[in-house]
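So the structure is just underneath, and the comments pick up after that.
The values are calculated or read from the model by the stated rules, or taken from the named source; none is laboratory data. Owing to the predicted nature of the structure, the values given are computational and were not obtained by experimental measurement. FYI the Cβ positions are ideal-geometry reconstructions off the backbone, even for glycines, and counts take in every protein chain you see.
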Amino acid sequence: VTAVDYLIKACKKYQIQLVHLSTDFIFDGEDGPYTEEDKANPVSYYGESKWAAEQLLMQSDIHYTILRTIIVYGIVNDMSRSNIV
């Protein structure tokens, strides 16, 4: 979250857009698939920190894009979905 705060300040200073890689872990997984408008409910520290970083971006006055990825690396045990690779 602190790193994102530094990036926001740099982007503001140089008037550039920030592309932030976030995660679907900001949701609790109880009622997907999710949309941008769905309420976040992180259940882990990782999800909480990603959500806090997103909130900093949304409250900033810079241009930003938030990408919420799923399973960037690895394999899900039940093979219900694969990673982005």
With the first residue restricted to region 37-60 and required to be assigned to a loop (DSSP other than H, G, I, E, B), and the second required to be among the aromatic types (Phe, Trp, Tyr) and surrounded by fewer than 17 Cβ atoms within 10 Å (Cβ to Cβ), Cβ contacts under 8 Å at 6 or more apart or on different chains are none
Note on region 17-36: residues surrounded by 12 or more Cβ atoms within 10 Å (Cβ to Cβ) and part of a loop (DSSP other than H, G, I, E, B) are 27, 28, 34
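Would you point out the residue of region 57-77, among those that are modelled with pLDDT of 95 or more and either of a type in the set (Val, Ile, Thr) or surrounded by fewer than 17 Cβ atoms within 10 Å (Cβ to Cβ) (or both), that is nearest to residue 21 (Cα to Cα)?
66
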